[in-house]
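The values are calculated or read from the model by the stated rules, or taken from the named source; none is laboratory data. The model shown is predicted, which means the values in this text are computed figures rather than measured ones. Cβ placement follows ideal geometry from the backbone for every residue including glycine, while neighbour counts extend to all protein chains displayed. Surface areas here come from the heavy atoms of the whole protein model, side chains and all, with no ligands, DNA or RNA. Shrake-Rupley method; radii C 1.70, N 1.55, O 1.52, S 1.80 Å.
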Amino acid sequence: MKRHYTLIPLFVLLLVAAVSCSSNKKAATDSEEGIAKTIVNVPAFDADSAWQYVKSQVDFGPRVPNTAAHRACGDYLAAKLEQFGAKVYNQYADLAAYDGNLLKARNIIGSYKPESKKRIVLFSHWDSRPWADQDPDKKNHYTPILGANDGASGVGVLLEIARQLQQQQPELGIDLVFLDAEDYGAHNEYTGQRKEEFWCLGSQYWSRNPHVPGYNARFGILLDMVGGKNATFRYEGISEEYAKNVNRKVWKAAEGLGYGTYFVKEKGNYATDDHVFVNQYARIPTIDIIAYSENHDFFEHWHTVKDDMDAIDRNTLKAVGQTVMQVIYNEK
């Protein structure tokens, strides 16, 4: 079989080469622009600033509902959010505790870009445990705790994020929700029936009565006990059931930042925490960044009188805060 060759004039070949070169340059330029568009300048989280916000809360003393310290700290938190440019909402509610006490609770919400329909919500509880019922010394079992890590650390991280949001806002709207009456669950020596609903009263209220009617968010992140020394965070069980993809998103961001020793890619225990009711009632897929040891226990000073500022580590605050910022600033 004979082959037929088509002879192409030289000027045609040169024209094709020129067009091809031009196209390659344009493609390279488009590619470079595409890369440039994907690079997000995420602000640097200031751990010293977050540490100070933790201390400022602890300086009020135990933030137990129905106390002067609780009221004063609530005013401080609302004022800081307003100072940092957030639209502030206060939810006041009388919530019945497991022991019959009526708690004067206050959820405090700071919203950025409140007009945006695309939102991310970040949570932490700001109250502290009324009793050190896990303390090794039984004499302390009815002593209120300072809750530097269990409560104040998450709020401290969110306040530093609020300060950064005022200076540079991400594409999505952000809501910071400080939940109350999380830690008024049944005392360890309580002999009556125990219910999950005894805990996280502020979360239950917000999830049923959000600060904006019909409120929704793409996902939520809860911070609890995020300031302890040598802390490790594992995939919490409820988070895995309701928001596994969010867990993976956050842990991947942490790994990319070099915080893989903090964010361990292993399954942790199930925690009765504020995110339970956000997932169940508000239907917002929400994870819990909460410290677990290798034995899957909470941090060593949990619900003891030693949950004070000595338990707080700036490096842990940095790892958590920078990771959360990496996530929210890269969401489109």
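Looking at Arg163, Arg129, Arg106, can you tell me which residue is open to solvent by less than 10 Å² (accessible area, probe 1.4 Å) and basic (Lys, Arg)? Don't jump to the end; show me each part of the working.
Numbers: Arg163 fails: open to solvent by less than 10 Å² (accessible area, probe 1.4 Å); Arg106 fails: open to solvent by less than 10 Å² (accessible area, probe 1.4 Å).
Result of the check over Arg163, Arg129, Arg106: Arg129.
Determine whether the range 142-161 contains at least one residue that is under 16 Å from the mean Cα position of the chain (by Cα), touching a residue at least 60 places away in the same chain (Cβ under 8 Å) and in a strand (DSSP E or B).
First, pick out the residues of the range 142-161 that are under 16 Å from the mean Cα position of the chain (by Cα): 149-161.
Keeping just the survivors that are touching a residue at least 60 places away in the same chain (Cβ under 8 Å) gives 149-161.
With in a strand (DSSP E or B) added as a condition, the list becomes none.
The answer is no; no qualifying residue exists.
Report, by residue number, each residue of the range 81-103 that is surrounded by fewer than 18 Cβ atoms within 10 Å (Cβ to Cβ) and within 20 Å of the chain's Cα centre (by Cα).
Glu82, Gly85, Lys87, Asn90
Here is a yes/no grid of residues against (1) among the basic types (Lys, Arg); (2) in contact with a Phe, Trp or Tyr (Cβ under 9 Å, 6 or more places away or on another chain); (3) closer than 22 Å to Ala162 by Cβ:
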{"position": "Gly227", "(1), (2), (3)": "no, yes, yes"}
{"position": "Gly258", "(1), (2), (3)": "no, no, no"}
{"position": "Lys265", "(1), (2), (3)": "yes, yes, no"}
{"position": "Thr272", "(1), (2), (3)": "no, yes, no"}
{"position": "Phe299", "(1), (2), (3)": "no, yes, no"}
{"position": "Tyr329", "(1), (2), (3)": "no, no, yes"}
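Among the residues in the range 199-213, are any open to solvent by 60 Å² or more (accessible area, probe 1.4 Å) and under 16 Å from the mean Cα position of the chain (by Cα)?
no
For the range 234-255, name all the residues that are open to solvent by less than 70 Å² (accessible area, probe 1.4 Å) and under 25 Å from Lys332 (Cβ atoms).
We begin by selecting, within the range 234-255, every residue open to solvent by less than 70 Å² (accessible area, probe 1.4 Å); these are 234-240, 243, 246-247, 250-251, 253-254.
Tyr235, Ser239, Glu240, Ala243, Val246, Asn247, Val250, Trp251, Ala253, Ala254 - these are the residues of the range 234-255 that are open to solvent by less than 70 Å² (accessible area, probe 1.4 Å) and under 25 Å from Lys332 (Cβ atoms).
Go through the range 288-322 and give me each residue that's of a type in the set (D, E, K, R) and either in contact with a helix residue (DSSP H, G or I) (Cβ under 6 Å, 6 or more places away or on another chain) or open to solvent by less than 50 Å² (accessible area, probe 1.4 Å) (or both). Let's see the steps before the verdict.
Here is the first cut: in the range 288-322, the ones of a type in the set (D, E, K, R) are 288, 294, 297, 300, 306-308, 310, 313-314, 318.
Within the range 288-322, Asp288, Asp307, Asp308, Asp313, Arg314, Lys318 meet the criteria.
Any chance you could count how many residues in the range 189-215 are in contact with a Leu (Cβ under 9 Å, 6 or more places away or on another chain) and outside any loop (DSSP other than H, G, I, E, B)? Steps first, answer last, please.
Applying the first criterion (in contact with a Leu (Cβ under 9 Å, 6 or more places away or on another chain)) to the range 189-215 yields 200-206.
With outside any loop (DSSP other than H, G, I, E, B) added as a condition, the list becomes 201-206.
Qualifying residue count, the range 189-215: 6.
Counting only residues that are part of a loop (DSSP other than H, G, I, E, B) and either more than 18 Å from Arg234 (Cβ to Cβ) or in contact (Cβ under 8 Å) with a residue 40 or more places away in the chain (or both), how many does the range 263-299 have?
Step one: filter the range 263-299 for residues part of a loop (DSSP other than H, G, I, E, B), giving 268-273, 283-285, 292-299.
Then keep just the ones that are either more than 18 Å from Arg234 (Cβ to Cβ) or in contact (Cβ under 8 Å) with a residue 40 or more places away in the chain (or both); that gives 271-273, 283-285, 292-294, 296, 298-299.
Residues in the range 263-299 being part of a loop (DSSP other than H, G, I, E, B) and either more than 18 Å from Arg234 (Cβ to Cβ) or in contact (Cβ under 8 Å) with a residue 40 or more places away in the chain (or both): 12 in total.
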